[in-house]
Structure formats: C-alpha cells, structure tokens
1. Does at least one position in segment E:136-155 carry a residue that is of a type in the set (Ser, Thr, Tyr) and crowded, with 22+ Cβ neighbours inside 10 Å?
2. Which condition number in (1) under 16 Å from A:Ala35 (Cβ atoms); (2) within 12 Å of chain B (Cβ to nearest Cβ) is the one that A:Arg51 fails?
3. Tell me, yes or no, whether segment B:31-48 has at least one residue that is among the charged types (D, E, K, R) and modelled with pLDDT under 95.
4. Can you find a residue in segment A:114-127 that is crowded, with 22+ Cβ neighbours inside 10 Å and over 13 Å from the mean Cα position of the chain (by Cα)?
5. Given (1) buried (at least 20 other Cβ atoms within 10 Å of the Cβ); (2) facing another protein chain (nearest Cβ under 7 Å); (3) over 30 Å from B:Ala71 (Cα atoms), where does E:Pro80 come up short, assuming only one miss?
6. Mind checking which residues of segment C:57-102 are of a type in the set (Gly, Ala, Ser), farther than 22 Å from E:Ile85 by Cβ and part of a loop (DSSP other than H, G, I, E, B)?
7. Take the conditions surrounded by 24 or more Cβ atoms within 10 Å (Cβ to Cβ) and either touching a Leu at 6+ places or on another chain (Cβ under 7 Å) or not in a helix (DSSP H, G or I) (or both) and apply them to F:Ala162. Does it pass?
8. Could we say that C:Gly140 is in contact with a strand residue (DSSP E or B) (Cβ under 8 Å, 6 or more places away or on another chain), in a loop (DSSP other than H, G, I, E, B) and not hydroxyl-bearing (Ser, Thr, Tyr) here?
Protein chains: 6
Amino acid sequence: MPRKRKVKLTHLARDGSPRMVNVGSKPVTRRRAVAEACVTVGRAIASRLRREGGLAKGDVLVTARLAAISAAKQTATLIPMCHPIAIDGIEVEAVVEGPRVRLTVEVSAEARTGVEMEAMVAAAVGALTVYDMVKSAGKGVEVGPVRLLAKEGGKSGRWTRAGDGYAAR
Amino acid sequence: MPRKRKVKLTHLARDGSPRMVNVGSKPVTRRRAVAEACVTVGRAIASRLRREGGLAKGDVLVTARLAAISAAKQTATLIPMCHPIAIDGIEVEAVVEGPRVRLTVEVSAEARTGVEMEAMVAAAVGALTVYDMVKSAGKGVEVGPVRLLAKEGGKSGRWTRAGDGYAAR
Amino acid sequence: MPRKRKVKLTHLARDGSPRMVNVGSKPVTRRRAVAEACVTVGRAIASRLRREGGLAKGDVLVTARLAAISAAKQTATLIPMCHPIAIDGIEVEAVVEGPRVRLTVEVSAEARTGVEMEAMVAAAVGALTVYDMVKSAGKGVEVGPVRLLAKEGGKSGRWTRAGDGYAAR
Amino acid sequence: MPRKRKVKLTHLARDGSPRMVNVGSKPVTRRRAVAEACVTVGRAIASRLRREGGLAKGDVLVTARLAAISAAKQTATLIPMCHPIAIDGIEVEAVVEGPRVRLTVEVSAEARTGVEMEAMVAAAVGALTVYDMVKSAGKGVEVGPVRLLAKEGGKSGRWTRAGDGYAAR
Amino acid sequence: MPRKRKVKLTHLARDGSPRMVNVGSKPVTRRRAVAEACVTVGRAIASRLRREGGLAKGDVLVTARLAAISAAKQTATLIPMCHPIAIDGIEVEAVVEGPRVRLTVEVSAEARTGVEMEAMVAAAVGALTVYDMVKSAGKGVEVGPVRLLAKEGGKSGRWTRAGDGYAAR
Amino acid sequence: MPRKRKVKLTHLARDGSPRMVNVGSKPVTRRRAVAEACVTVGRAIASRLRREGGLAKGDVLVTARLAAISAAKQTATLIPMCHPIAIDGIEVEAVVEGPRVRLTVEVSAEARTGVEMEAMVAAAVGALTVYDMVKSAGKGVEVGPVRLLAKEGGKSGRWTRAGDGYAAR
C-alpha cells in the first residue's frame, strides 16, 4: 500500500526502536519556524489580562513570553530525539483575542536540522505558563491547539499552514 | 463588579508583578492531578502507530510516555512560578483513538501546593514528542487540547472536569 | 590562635577535601533569607529604565525578576555544596535608585538547612540579567555588592546585617 | 536628547517587550571575554584560604573554579536573553589578595555573539561558591564587584576596562 | 517457575510499560546508600595521580569528587524512573590503589524511597570524570565496576554486599 | 623518565589546576565515537528481559536506550571539563547476552573536539537505567565495564580498541 511508505517515521531505526537521526550529512542551512499556541481562558480572565495589557505591560503575558524563550533553549533536553541547536533568535508575541491568549513564536538558526520543535515547545510552554497563572481563577481552562504555522530551510524547503490566513512574515 | 474579585490571579503580587506565591503556611496534604493531551495525527499515521502498538510495544508511544515522565520532573524549571515538588508517582497512558493519540498523565505527591502543572506539562511534552516523531509524515499535525481532568488535595479539594464523561480513577 | 578555630569551614571534610555537609540530624525549621544585589548602570541607563518603570511595567526589571526566581530554583545545580531544597516562596523586588538598580530577594522554605544561597544566587542572577540587557549601552557597568541582608531559622537563629539600616520585614 | 538614542537597549523589541535578539545576520568571529568577581572575606578567612593554598591546592578555590566552569556552560539557561554558545575554552584563576578572593575568568568561542555573559556568570557563580563555603564563618561577607575586564571580537571589536591597570593577556 | 516471580520488576506497570512507581504510601525513613566505581587507569597514570595526591591535593581527584556530588543531585533528571529526592548529605572519597582509582560515594536522605541510584550515579560520573581527565594519556582506560556496597532504610532494611570485605561505616 | 612525559594530562593547567582546554585553534572535523557499557544482571533477570525482548519490544531496554540518548546531550553539564557539542546523531543498541545487558552507543558530530565522553556517558547512564529497573530483583547487579570501542576524527585520527574483536562499523 503506497500510503504506508508515505508515513515513514524517520525517528525509528530499521528495527523499530527510537534513535536520534544522524543529520551529519545534511548541509547547514538557514532555518526558521513559526508556531502558535492558544489558551482559551474565557472572557472574564481575558478581560483582566487585557486590562493589564492596556494600562501597563501585562505581566502574565511577559512572564509567558519569557518562559517561552527559556523553553525553546531546553528543547533538546525535553524532546528525546531532538538535536541540540545553537538558536540565533527567538521572538514571542502574546496577544489576548476574545476569550483566548495566543502565543506566536518564531525561532531561527543556521543548522543541519529544522527548528520546528523549538518553536512548538516554546509556544506550548508559554501557553502552559498562562494556564499556571490563571488556573486559580479557572482550572478548566484549556491549552491548544499548539501547531506549526510555517517553516523554512532544509531539503523540504518552505512550508506554510494552509487555510488559516497565516501569512509568513 | 463582583466578577473582578472572582478572577483574582494569585501569581501576581499586589503591585501587579509576578512572584512565586509563598505556600509556607499551607498544610502538607496528599495531592493528585490528572491531565490529558491529544495529538491529532490523522488516520494514516494513527494506523501506523496502532500497528506498532499491536504487534509490539509501540516505540513512539513508549518514547512519548518516557518524555512525559521526565518533563513532569522539570516542571519547576520550565514554568516560572511553579514550586519544586518531590513527586511521589507518575503514570502515563498513551493510546491511539481514531485519528488521535491521547496521553493521560497522573501525578501524585504530598505537598503544600498542587501538582496540576506537573500533570499538564508532562501531558504536553508527551504530546509534543509524538509530534516530533511523526512530523516528517505530517508537519500539519496539531497538539491539543491539553487540559486538566481532575485534581485532589489542598484547600479547594477535589475537582473533576464536567461534561466529559471523565470518571476519576 | 583562637581565631583560627573560629573560621572553621564546615564544607570541608576533616581531610580538607570538599563535601556536601550531612544535614540529616538537623531539625526541619522554617527558614527565610533576604539578599540584595546592585547593578551600577549609570544615570543615562537608569533614566531609561525608570521611564519604562513609570509609563509601563519595566520589562528589563520584570525580566530580571523572573530570571532571579528561576535561578533560585537552580541553586543546588550551580553551587556544588548546596542541598536541594523545596522552596516555599520567592519574592523579588527590583527598583531603580539613582544610578543603580537594586534587586532584593526573599526566599522561604521549611528545611534542615538555610536558604541563604538561594537568595544570594537569585539576586546575583537577577543583577546579571540587568547587566545583559543594558550592556550594549554600557559594557563597563558593574554588578555588586551581592550580600545577605537577613536570615531566620536554624540553630544560629535570626541574623540581620548591621549598620545598613536594613529592617527585617 | 541625543543621549537617549545612545542608551538603546537591544534586548527590547520595538514594542518594549523582551526578545532574544536575532544574531543570524552577524558573522561568526572569534570571541573572547574576561570578567572578574571579588569576594571580600576578611582577613581571618583569607588567611585560612591562603594557608590551604600554600600547603596544598586550596580546595575552596578549586571548588570555586570548577563551579565557575560549570556555570559558564549554563549561561543560556540562567540569563533569559542569552544565546546558547559552543564555548571553546574556559580558564579560571582564583587568588587570595589581602582580605579578598578574586576570580578571573576568560571564555573563548567562535560565535555570532559575544561571550561576555558567559564570563560574567562564571565569575559570579565562582564567587558565590566561595561565599557558600565560608559563610559559616562570616555571613556578612560580600560578593562583588562582578565586572567585565576585556572583550574581543564582533562588530564592536576590542574593549578593555579603563583605569584599572588591567592588561589584556 | 518460582524464580520468575522472584524477578518481578517494579518499574514496569501491569501492561509491561514503564512508569515512575508511586511511593506515596511508603513511610518516610532515613535512607543511606554507599556505592563505588573504579577506573583502571594503569600504573603510569596512577603514579602521576598519586604524585599529585602526595604533594598537593590531587586536582583530578578533587574534580572527580565534585562531579560526583553534582551528579548525585541530577539523578532524577538522568534516570527516567527515579524520584526527585531532597538529599541530606553526600560524601565522596577518591583514592588511587595500584593501577586503579576508586571512588566511594555515600548518600543519605529522609525519603519514601532509597538513594541507591543517587550513589550509583555519583560514583559513575565521578569515575567518568577521571576517565575524561586521563583519556589523552590512555583512551583504553576502563570504567567499572560500578556497584552498590550497602544500603539502609525502607522496608527491605539493611543490605551489605557479600564477600567483598566491605564493612559498613 | 620518558614515561612521565607520556602521561601528560591536558585538562590540567600548568599550575596543576583544572581548566576547560581551549580547542579554538583546532580544526572542525567529523568526529565519531563508539562506547559500550555492560550490566551483569544474572541469568534470571536476563531471561526476563530476553522474554520481553522476544514477544514485544523490551521496555527496560527501550527505557535504557532513551536514557542513554538524553544523557549524551547532558555530557557537558555532567563532566566538568567537557565542551558543549552540537551532536549530529546518537544510536544506541541494547542487547541481552547470556547474563548481561550490553549497551553500545555511537555518537557523531562535526566539532573541534571529540565525542568520546558523550558516548561514554550515554552508555554508562543507559546501563545505570537498566540497573535501576532491575535492582528490586537484584541489588548486587554490577555495572561495567564502560569503555571506548572506537573513535575517529581529530589530530589523533582513528583508534580502535585492540584485542576485543570489535570491528568498526
């Protein structure tokens, strides 16, 4: 069945066991990845966060952004098959939109492998930090989706999530 | 407005800046939290993962479970306002359900503060690990929702997510 | 010479080599320590930081405060002879005073050993973070002094730095 | 006022929030930074440390040097806006001078960004380690100043602290 | 076959997958574990290390001891199923015996689970550090055995390795 | 005596104190190292592990392999004088041979210094993880030897352990 060939999982060795894929033969190219994570906090909490963001700088959002930056640098420690990467830059945007907080993270590096996981981990940890800071007001708050919006660099080149109105910056 | 009082965020000091809340005056009680995280991998990848899970032990799922356990122990490093907690136990279940992988994490401890974040972080990192291992077959795969299912212990006592058919174990 | 007996260093074993002192026979008591660290940034940078702090929340200072909180939790990893401690609370204050930024950190825990190093490390790393964020504007900026202001708990009881007008909170 | 333009802080995004500056467009150059940190331990403790240093190797000083080396490698974890850097070498000198211990740290790397923070963090943590090991004999001991002595590499080139008699090695 | 029942592995859940065993129902008791690790460096290197150890303090051995202490505190990060434990004390002895370096590590804590792994990890990392420092002089040097010498505390009580002439301290 | 010159230890500075050797002047070359670590578990446990390995995937062995991969990435944190290295690939094989489990780890990178320690640390931590998971069934189980089998790259070029029948892959 051709579909089976399609879903080849490169993190599994031939005998089915996990391994950290050898990227030594890949060229070093400029990599970029953008991911986002949402936290559905509800309107009451969103209004509280927005108010902070209006009068001041919004410490919940600043805390989440810093947690995201730190987490990006911990990616290879957290995700077993990730390679350590010398990240060149991390930008995190955190906005309150209706009942949700949306974190968007862009990571860039020159590397033999992509920085998708760095962006995904950063966005997710940023969102979990928002959850942590608002959970006393709403344990039921949900985190997600966490998803890749765009990537550039490497053999597979540029990829942008379809149908989301996401325009690469 | 009474709603404002409701959404008091305990991680912010009176001057609006973040702090790690002092839990020193809270009693040590038995704490338990259960969280889940889903990864919508699509039917082709799910079928591949299920096949592994049928014939063997499912290395993607085992890898995700181990990543979840390790991440739970890194919670206080990742989430700025989390207290270091001496976790007593971590159980992670990973199942393939239709087009999704669902990780359910239960964390327990005797502590002055809850272990909700430990369970949330573990579930999220487990799900991100699944994403990492299948992303070569589907960059568009989404992680989420990550959410608390239940908690026990502490002043606020037992809480179970409503309307989800989740029965505390 | 009696003075020699006075400066007995408890982190050295009888044969002169370092060890992590066994605190197992000490009682668990409530511990508190306050430390401060200054960064002499000069008037131009101080004015820039103060302006941020006036109109908004002061992101350099918020970043420094969060870095201090995270560092406190890394103390046992950074300082070879420090015991891992389940910290109960961390509060960090960051103010601009004349040409200086002053970080004051209070750490509390119930433990067999003190939390002086947690407070000292947090204050120092907070100050280094300020340095990092202003160094493009002034490489010559100096960090220090980093010093203990007060401690409570344990056999030696309460101690407050003399002659500094520091009043225990 | 022209001075305001001078104190532009590169770690803040245009909207005033922190970010990890993208260094991707900077060339890789050889970088070197030297920082120092002092600990004013007083004459009694200094004499004890000097005696160790005379008859043997001085375990307090060796411990401080090793803590400094380890800390340099943790810089990107401790300082939120620091880039992970593949450090090429770290040398730490620790000497007792009058009533003080002075740690001097030199860090080198080939990188797109400087290693000032690696040297500053290493020196500070080395000094805090000295504090930790002597604090039973003197809680009032002060750490500081921690300061950059010299740097080389990158667009801004060589810089040496003025007026200190410090000669680049 | 009764032997099969004997080799029940408590770190595997009923379905055969790994988990961090819940120790919440075990009492907190005083725990102690002693482990050792050897490095067979050969006579030439041993003589060099012994000479250092005679005239001075032996920096290779001090470095190994400090690495062992730090590693003990990283045990729960390194060994997937290990619980985070608030270690009370760590002592490391490093001696040169004939062609070998022997590290002996004693770890103690009050905990619900044993500290065997903390002692084993510390001894192993100390020995690997010796290997690292002498490998330029002998890549073929071997590390091992790493083994438990004694343990105390918990349900299974005191255990001492038989037939080795090891006397509990 | 010429032998003394032979056992020059490059991790010690001229004054006998440890340092992280400056590798900045070495060329970047492709590096590879293979190490192995054994755990003598005895026949009863080996049979239990082999059975798992026959019917399923052997969760003890998978856990050990993942712990090895994670540990390789922690090498510069664990071993004081090790340089942080951007590892390109890690493969771990775990087999049950008679009464022993043998882990073989291959690490590769393009770097100024070798990856021997990454392979050694990974193999050792993998073996310690096996010990952790079987110790309830056999506290007396021994870990070792941990040893380098082969290395490539750098000035000293290719090296293969003699007399072991080890053939470089």
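1. Start the filter on segment E:136-155 by keeping residues that are of a type in the set (Ser, Thr, Tyr), which leaves E:136.
Cutting the leftovers down to crowded, with 22+ Cβ neighbours inside 10 Å gives us none.
There is no residue in segment E:136-155 that is of a type in the set (Ser, Thr, Tyr) and crowded, with 22+ Cβ neighbours inside 10 Å.
2. Single failed check for A:Arg51: (1).
3. In the first step, residues of segment B:31-48 are kept if they are among the charged types (D, E, K, R); the result is B:31-32, B:36, B:43, B:48.
Pick out the ones that are also modelled with pLDDT under 95 and you get B:43, B:48.
Checked against the condition, which is being among the charged types (D, E, K, R) and modelled with pLDDT under 95, segment B:31-48 yields at least one hit.
4. Taking segment A:114-127 first, the residues crowded, with 22+ Cβ neighbours inside 10 Å are A:114-127.
Imposing the further condition that a residue be over 13 Å from the mean Cα position of the chain (by Cα) reduces the set to none.
Within segment A:114-127 (the criterion being crowded, with 22+ Cβ neighbours inside 10 Å and over 13 Å from the mean Cα position of the chain (by Cα)), the answer is no, since none of the residues qualifies.
5. The failed condition is (3).
6. Matches in segment C:57-102: C:Gly58, C:Gly98.
7. On the way: surrounded by 24 or more Cβ atoms within 10 Å (Cβ to Cβ): no; either touching a Leu at 6+ places or on another chain (Cβ under 7 Å) or not in a helix (DSSP H, G or I) (or both): yes.
Considered against the rule, which asks whether it is surrounded by 24 or more Cβ atoms within 10 Å (Cβ to Cβ) and either touching a Leu at 6+ places or on another chain (Cβ under 7 Å) or not in a helix (DSSP H, G or I) (or both), F:Ala162 comes out as no.
8. Details: in contact with a strand residue (DSSP E or B) (Cβ under 8 Å, 6 or more places away or on another chain): yes; in a loop (DSSP other than H, G, I, E, B): yes; not hydroxyl-bearing (Ser, Thr, Tyr): yes.
In short, yes.
The values are calculated or read from the model by the stated rules, or taken from the named source; none is laboratory data. The model shown is predicted, which means the values in this text are computed figures rather than measured ones. Using ideal geometry, Cβ is built from the backbone for each residue, glycine included, and neighbour counts are taken over all protein chains shown.
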